Amino acid sequence: MNIDIITVLPELLEGPFNHSIMKRAQEKGLLTIQTHNLRKWAINKHMQVDDYQFGGGAGMVMMCEPLANAIDELQEAKKYDEIIYLTPDGKTFNQKAANQLSLKNNLLLICGHYKGIDERIRSQYVTMEISIGDYVLSGGELAAAIVVDAIGRLLPGVLNDETSALFDSFQDNLLAPPVYTRPADFRGDKVPDVLLQGDPKKVAEWRHEQSLLRTKTRRPDLLEEE
Ligand code: 6GU
């Protein structure tokens, strides 16, 4: 999978992808992430990419020309399956969306700043709008990092234990069960017997029960979803 990201703050995206699982996904050649500094397509020598909004009011708006020129140029090299704008008024991201996006080949992510991007870029270019939750971030970069991480770890071959994503929280609209490691007795607080007895069928049953219980008590809304 190839993911291109248009941003005014490429520095913000250097850290998240260069460690751990995202780093390994790239080293294995399963994922390519390229950030593109929007200022490369600035309209003048002042590196301008934003301007005051028509109608007045505080806050700058990211201009059409730099974004359109950036997208046009990137589209010459690749056909994108989705052009995604990260925005608090987008559709709330979840595991199902991550699963669906992990099946695509080429994604283009656009990170907004200030008051957002000119509406005409949204109507003419953007094919999908994603929010990561009901709160406002100062820019789309951290949201992009989250979306890329959630997608990247689902690509076949990325996780060491190929099956482990299957047991993640949310994969069946269920939360993950509790997990334990050594010691079996921590200050008198003991690991459940069933996990120590080595019967894989009983372990699987226990984990499923715990998943259900956790979901019922913490996220009953998940059990109502289709
Ligand atoms: Cl995708 N962007 C910004 N700026 N704020 C957000 C968001 C995205 N999702 C939730 N809040």
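With respect to being within 25 Å of residue 174 (Cα to Cα) and at pLDDT below 95, residue 94 falls outside the description.
Results for (1) surrounded by 17 or more Cβ atoms within 10 Å (Cβ to Cβ); (2) of a type in the set (Asp, Glu); (3) not assigned by TED's automatic domain parsing to the domain that holds residue 16, shown as yes or no for each residue.
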position: 143; (1), (2), (3): yes, no, no
position: 158; (1), (2), (3): yes, no, yes
position: 186; (1), (2), (3): no, no, yes
position: 194; (1), (2), (3): no, no, yes
position: 205; (1), (2), (3): no, yes, yes
position: 220; (1), (2), (3): no, no, yes
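Scanning the range 1-41 for residues that are farther than 18 Å from residue 102 by Cβ and among the aliphatic types (A, V, I, L, M) returns 6, 8, 9, 12, 13, 38.
Condition first: within 30 Å of residue 30 (Cβ to Cβ) and outside the structural domain of residue 93 (by TED's automatic domain parsing). Can you find one or more residues in the range 130-141 that meet it? So far as the range 130-141 goes, no, none of its residues is within 30 Å of residue 30 (Cβ to Cβ) and outside the structural domain of residue 93 (by TED's automatic domain parsing). I'd like the residue in the range 8-24 that is free of Cβ contacts under 8 Å to residues at least 60 places away in the same chain and assigned to a loop (DSSP other than H, G, I, E, B) and, out of all such residues, is nearest to residue 42 (Cα to Cα). Applying the filter and picking the extreme gives 14.
Being out of contact with any His (no Cβ under 8 Å at 6 or more places or on another chain), among the acidic types (Asp, Glu) and surrounded by 12 or more Cβ atoms within 10 Å (Cβ to Cβ) is true of residue 172.
The values are calculated or read from the model by the stated rules, or taken from the named source; none is laboratory data. This is a predicted model, so every value here is computed, not measured. Glycine gets a Cβ as well: all are built from the backbone with ideal geometry, and neighbour counts include every protein chain shown.
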